[in-house]
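Single-structure report; data block below.
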Amino acid sequence: MSFLSALFSCTDQAVDINGPNHKSGKKTVIHIDKTVQIEYTLPGGISKQFGFDSAREQEARTKYIDLSSLQEDDFEQTKWLDKKFIDAGRWEYLGPKNKGLSGELAWLNLTLLLNKVNLKGFTEAEIKRDIKDSFLSHIEAENKEIRSHYPSYSEDNLAHVLISPPKSFEWLDINTSRMLTWLSNEVKGAPSRYYILPLSQHYAVSIIISHHISVNDDKLRELITQRIQDDTALILESFVISKK
């Protein structure tokens, strides 16, 4: 019997898929200067591929970031927003009796960053305009580079590789924070959802959540998609960002 056949041999029973373990996460607290505090709990079961799990063997984790002490080389220079890594987690979804990458059905990835921004104003409308313009300029630059490699190709021929701009940029309330969010397909097959919280006109915190599903079976894909959506919602619910 094939793996997928085994999964659905009994349609009345729930499929046992291992993924994020929300009962075993560790609380983390990030202090940015004396004005911002970020509290969250990433679920257990974090992949050992990138060593993210080892730091969470402690009972609690606390980090301090002093903005006044940061230098240019503390930030990775990117085509969009310069970034400083704060934290990350990656979870694999494994089917019954499967361990390791060979049994991976999907993965979910979260990255928490401190970003440098250049906002002309600080109202919601001004923040949305400036960040949207910056991101769309990034997408346009990426597409320009793609086109440069295929000068004889038409737009129709390149449709499958060009990056489509996000359909919308919206404000979303996450616990006590109001964050700007949008969905991007910069990496084909691994959509990323951005959540941006501006701290000032020069700094912002961003949460980027992406995922990839490795299976083609429609029923299993639907099941995993729902599980990823549920896990993402639970992870986001744990984030409490307080401005003092």
When region 149-188 is checked residue by residue, the ones that are under 15 Å from I208 (Cα atoms), modelled with pLDDT under 95, of a type outside the set (D, E, K, R) and part of a loop (DSSP other than H, G, I, E, B) are N185, V187
Only residues that are exposed (fewer than 15 other Cβ atoms within 10 Å of the Cβ) and touching a strand residue (DSSP E or B) at 6+ places or on another chain (Cβ under 9 Å): list them for region 109-161, please. F122, E124
Criterion (modelled with pLDDT of 95 or more and not in a loop (DSSP other than H, G, I, E, B)) met by exactly one of S102, S68, S137: S137
If you check I228 against the conditions, is it part of a helix (DSSP H, G or I) and modelled with pLDDT of 95 or more? yes
So, in region 200-216, of the ones that are over 25 Å from L234 (Cβ atoms) and not in a strand (DSSP E or B), which residue ends up least open to solvent (accessible area, probe 1.4 Å)? S200
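One line per residue, one yes/no per condition, for (1) among the polar types (S, T, N, Q); (2) farther than 30 Å from K243 by Cα:
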residue: A190; (1), (2): no, yes
residue: L199; (1), (2): no, no
residue: S206; (1), (2): yes, no
residue: H211; (1), (2): no, no
residue: K219; (1), (2): no, yes
residue: Q226; (1), (2): yes, yes
Kindly list the number of the only condition in (1) more than 20 Å from G189 (Cβ to Cβ); (2) in a helix (DSSP H, G or I) that fails for I146. (1)
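The values are calculated or read from the model by the stated rules, or taken from the named source; none is laboratory data. What you see is a predicted model, and the numbers here were worked out from it, not measured in a lab. Positions of Cβ are generated from backbone atoms using ideal geometry, with glycine treated the same way; all protein chains shown enter the neighbour counts. Please note that ligands, DNA and RNA were not included when accessible areas were found on the heavy atoms of the full protein model with its side chains. Shrake-Rupley method; radii C 1.70, N 1.55, O 1.52, S 1.80 Å.
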